[in-house]
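J.: One structure, pasted below without further comment.
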Amino acid sequence: MSLFVDAFVTSILYAAFFSIAALGLNLVFGVMRIVNLAHGEFLVMGSYLAIALADSYGFNPVVSLAVVVPVFLAIGLLLYFPLVPRLQKSGDPEMSSFILFFGVSYAMEGLAVQLFGVSYQSLQYNLFKPIHVEILGYVMPTAWVVTAAVSVAALALVYFYLYRTGLGLQTRALMINRDEAMANGVNINAVSAIAFGFSIALAASAGVFSSFISYPTSPSIGDTFTLISFAIIIIGALGNPLATVVGAVVFAYAYGYTEIYAANWSSIVPFIILIAVILARPQGLLGRKAREF
Amino acid sequence: MNFRHFFLKDPKRMWPEASMLVAPLAVIFILGPDIYPNQSIFMELAVFIMLADALNIVYGYTGYLPFGFGVFFAVGAYGTAILISHASWQVAPAIIAGACLAALLSLLFTPLLRLSGAYFAISSLAAFEAFYLIFSNTQLTSLTGGPYGISFTQVYNANLDYTAAVVLAIASAIVVLVISKSTFGIALQAIREDRFAVELAGVSSLRYRTYAWLISSFISGIAGGLFGWYQGFFYPEAVFNLTEFSVLVIVFVLFGGKGTVFGPVVGTVILFLVYEILSLTFSNSLLIIFGLLLVVLVLFIPNGIEPLLRKAADLLLYPDGRD
């Protein structure tokens, strides 16, 4: 099998994982117009929880999800109320949120260093039996396939929530026009808190699998995940959760191929694409207007 | 370009405030190293004051927050270092050229100024990361030293550098004062408050923001050059340090009071001291403490301490009310 085709297939799995990693960030921006710079740190915390569960109870990551999702959903809901409503009363919530959540990410990184140390940790591939599977003639780690499958399932759930439930309808209304949604009786706090909780839970679930498919877990890797997530949601479209998938596909393929043909430069790729997209089409590949004039 | 905008409406009214800025800073920088004999801390303070003033021009006066704004600092440092080590330039022209390089880079990013807030902040962050990865790339080792750092110790002169940094730090505070009193500064504030009204009045908000952006990046570039010169040798991580030369500066400005003349200077002096003490005594939980401090700052004193200090000073000077 040629390298080119190999990269094509693994990039699909990559794209699925990174959609989930970035989706929550976009949900929060779309609904609350705030930027969660601590997104990557929540992902890292999810990852640590999964590693701890695997170490002490031998939990398979898919099983760990049953613990990770409710825990981080609760953390998200608890964090929403002291932080976000107060933030939105300030003069410029969008800019203030940058600084506020940078503070949160600092505190979380410091906490992670205290709790888990600075060394790199990973889940073992042999949590899945067999370690490798063969699909359509390609042999790949089972962990990767499971990661992609879980990501697709999570995407489907988010889609179901947004487009098939009453709360989802209110969420979309809030994303399109905040004032009119408010005037029509959308309960901003309830809808936003749920979206925030979902966002944190999604980040943490991506974190459960992150040490398999992307980087090993360490306190400082959170920033990298935050930046990659940003790149992805801007390439797709800021404030449009499902466009995240498009962004993730573009990112995954660009990353996958530079990794093969110019490995030295592969880590720059997300940022170059991000800047190029912002300059050429700031609304993202699928977005509406973003430029002011 | 009409330079009349940059002139003062009433230069005489500036003197009291200018002396209130210069005198305390001069005292700190001249007596400081005698009281606490560690010049490098005061050097860093001078660099931070320059950066805080530079950021204040963009963030305080135009409302745009360039999150990865340390990229100009780093490019200034690298420009200076490369010119000295590869082309054997004198220090002064090398620092100015480094700062011009930073300003040139900012010109490259002016299209970003058309974007609304979050896009701008994020893309400047991406630019920061991209430039870090370029400068530290192993394939550019012959030019930038790559990950192994760059050295230009032949021109090292700590005392001269300290003096230059102090003078320029005070000068940058004066620049902010001049801007705040000029038509230019008033236009910037008007743009921050209501861009559309300003555009309707026939003022190109984009052009004014570009000027502010250029001035700011130039000052950051100078700060970078001076910092690099003081080190004589640095790794890419030392100047491309998002925590120190972007975030910390944002915190200083925010704590002092963005969009004010005294805020960034006062905020930098106080918080830098706190930061140094914290990092000496609680190095383990520094990140946690500083993170929580940021959260509290944004939620409870979003306008910084400058308005509070001003109110306190008014109460002291005019106990019976002003008029």
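J.: Whether any residue in segment B:135-146 is more than 7 Å from chain A (Cβ to nearest Cβ) and under 21 Å from the mean Cα position of the chain (by Cα) is what I want to check.
T.: Within segment B:135-146 (the criterion being more than 7 Å from chain A (Cβ to nearest Cβ) and under 21 Å from the mean Cα position of the chain (by Cα)), the answer is no, since none of the residues qualifies.
J.: Take segment A:229-262 and flag every residue that is within 11 Å of chain B (Cβ to nearest Cβ) and surrounded by fewer than 24 Cβ atoms within 10 Å (Cβ to Cβ).
T.: Of everything in segment A:229-262, those that are within 11 Å of chain B (Cβ to nearest Cβ) and surrounded by fewer than 24 Cβ atoms within 10 Å (Cβ to Cβ) turn out to be A:G239, A:A262.
J.: Here is a check on your reading of the model: is A:A276 touching a Phe, Trp or Tyr at 6+ places or on another chain (Cβ under 6 Å), in a helix (DSSP H, G or I) and on the phi < 0 side of the Ramachandran plot?
T.: For A:A276, the condition - touching a Phe, Trp or Tyr at 6+ places or on another chain (Cβ under 6 Å), in a helix (DSSP H, G or I) and on the phi < 0 side of the Ramachandran plot - is not met.
J.: Right, here's the next one. Spot the failing condition for A:A263; the list is (1) among the aliphatic types (A, V, I, L, M); (2) modelled with pLDDT of 85 or more; (3) under 26 Å from B:S136 (Cβ atoms), and only one is missed.
T.: Of the numbered conditions (1) among the aliphatic types (A, V, I, L, M); (2) modelled with pLDDT of 85 or more; (3) under 26 Å from B:S136 (Cβ atoms), the odd one out for A:A263 is (2).
J.: Moving on to the next point. Would you check if there is a residue in segment A:127-135 being at pLDDT 85 or above, surrounded by 20 or more Cβ atoms within 10 Å (Cβ to Cβ) and of a type outside the set (G, A, S)?
T.: The answer is no; no qualifying residue exists.
J.: Could you tell me which of the residues B:F6, B:F67, B:F73 is crowded, with 24+ Cβ neighbours inside 10 Å and modelled with pLDDT under 85?
T.: Selected residue: B:F67, the only one of B:F6, B:F67, B:F73 that is crowded, with 24+ Cβ neighbours inside 10 Å and modelled with pLDDT under 85.
J.: Can I ask one more? Kindly provide the set of residues from segment B:135-160 that are in contact with a helix residue (DSSP H, G or I) (Cβ under 7 Å, 6 or more places away or on another chain), at negative phi and of a type outside the set (S, T, N, Q), ordered by number.
T.: Of everything in segment B:135-160, those that are in contact with a helix residue (DSSP H, G or I) (Cβ under 7 Å, 6 or more places away or on another chain), at negative phi and of a type outside the set (S, T, N, Q) turn out to be B:F135, B:L140, B:L143, B:P147, B:Y148, B:I150, B:F152, B:V155, B:A158.
J.: Additional query: Any residue in segment A:93-117 that is more than 7 Å from every other protein chain (Cβ to nearest Cβ) sitting within a Cβ distance under 7 Å of a residue that is part of a helix (DSSP H, G or I) and of a type in the set (V, I, T)? List the pairs, counting only those 6 or more apart or interchain.
T.: A:A112/A:V44
J.: I've got another one for you. State the number of residues belonging to segment B:76-109 that are out of contact with any Gly (no Cβ under 8 Å at 6 or more places or on another chain), surrounded by 22 or more Cβ atoms within 10 Å (Cβ to Cβ) and among the hydroxyl-bearing types (S, T, Y).
T.: Residues in segment B:76-109 being out of contact with any Gly (no Cβ under 8 Å at 6 or more places or on another chain), surrounded by 22 or more Cβ atoms within 10 Å (Cβ to Cβ) and among the hydroxyl-bearing types (S, T, Y): 1 in total.
J.: Right, next: Exactly one condition in (1) surrounded by 24 or more Cβ atoms within 10 Å (Cβ to Cβ); (2) over 28 Å from A:I131 (Cα atoms) is false for A:M45; which is it?
T.: Among (1) surrounded by 24 or more Cβ atoms within 10 Å (Cβ to Cβ); (2) over 28 Å from A:I131 (Cα atoms), A:M45 violates only (2).
J.: Considering only residues of segment A:214-237 that are in a loop (DSSP other than H, G, I, E, B) and of a type in the set (S, T, N, Q), which is farthest from A:N36 (Cα to Cα)?
T.: The selected residue is A:S214.
J.: How many residues are more than 7 Å from chain A (Cβ to nearest Cβ) and small (G, A, S) if we restrict to segment B:101-127?
T.: 4
J.: Can you tell me which residue is farthest from the other protein chains (Cβ to nearest Cβ) among those in segment A:118-139 that are touching a Ser or Thr at 6+ places or on another chain (Cβ under 7 Å) and not polar (S, T, N, Q)?
T.: My answer is A:P130.
J.: For the subset of segment A:176-193 comprising residues that are surrounded by fewer than 22 Cβ atoms within 10 Å (Cβ to Cβ), in a helix (DSSP H, G or I) and of a type in the set (A, V, I, L, M, F, W, C), which member is nearest to the chain's Cα centre (by Cα)?
T.: Step by step, filter segment A:176-193, then rank; the result is A:A193.
J.: Between a first residue in segment B:290-311 that is within 8 Å of chain A (Cβ to nearest Cβ) and a second residue that is part of a helix (DSSP H, G or I) and among the basic types (K, R), which pairs have beta carbons less than 7 Å apart while being 6 or more apart in sequence or on different chains?
T.: B:L299/A:R86
J.: Considering only residues that are touching a helix residue (DSSP H, G or I) at 6+ places or on another chain (Cβ under 8 Å) and not in a helix (DSSP H, G or I), which ones fall in segment B:280-323?
T.: Across segment B:280-323, the qualifying residues are B:F282, B:N284, B:S285, B:I301, B:P302, B:G304, B:I305, B:R322.
J.: I'd like the full set of residues that are within 24 Å of B:L226 (Cβ to Cβ), of a type in the set (S, T, N, Q) and part of a helix (DSSP H, G or I), limited to segment B:113-161.
T.: Within segment B:113-161, B:S124, B:T144, B:T153, B:Q154, B:N159 qualify.
J.: Moving to a separate point now. What number of residues within segment B:260-289 satisfy the criterion of being more than 20 Å from A:L37 (Cα to Cα), within 11 Å of chain A (Cβ to nearest Cβ) and either touching a residue at least 12 places away in the same chain (Cβ under 8 Å) or in contact with a Leu (Cβ under 7 Å, 6 or more places away or on another chain) (or both)?
T.: Total meeting the criteria: 0.
J.: Please indicate, with yes or no, whether at least one residue in segment A:6-23 is out of contact with any strand residue (DSSP E or B) (no Cβ under 7 Å at 6 or more places or on another chain), touching a residue at least 12 places away in the same chain (Cβ under 8 Å), buried (at least 20 other Cβ atoms within 10 Å of the Cβ) and under 16 Å from A:M108 (Cβ atoms).
T.: no
J.: Within segment B:212-243, which residues are within 14 Å of chain A (Cβ to nearest Cβ), surrounded by fewer than 22 Cβ atoms within 10 Å (Cβ to Cβ), in contact (Cβ under 8 Å) with a residue 60 or more places away in the chain and part of a helix (DSSP H, G or I)?
T.: B:E237, B:L242
J.: Return the residue satisfying two criteria in turn: it lies in segment A:268-281 and is surrounded by fewer than 19 Cβ atoms within 10 Å (Cβ to Cβ) and modelled with pLDDT under 80, and of such residues it is nearest to A:A16 (Cα to Cα).
T.: It comes out as A:R281.
J.: Moving on. Go through A:V69, A:V63 for me and flag whichever is without any contact (Cβ under 8 Å) to a residue 40 or more places away in the chain, in a helix (DSSP H, G or I) and hydrophobic (A, V, I, L, M, F, W, C).
T.: Sole residue among the options that is without any contact (Cβ under 8 Å) to a residue 40 or more places away in the chain, in a helix (DSSP H, G or I) and hydrophobic (A, V, I, L, M, F, W, C): A:V63.
The values are calculated or read from the model by the stated rules, or taken from the named source; none is laboratory data. None of the values given here were measured: they were computed from a predicted structure. Heads up, the Cβs are rebuilt from the backbone with ideal geometry, glycines too, and the neighbour counts pull from every protein chain shown.
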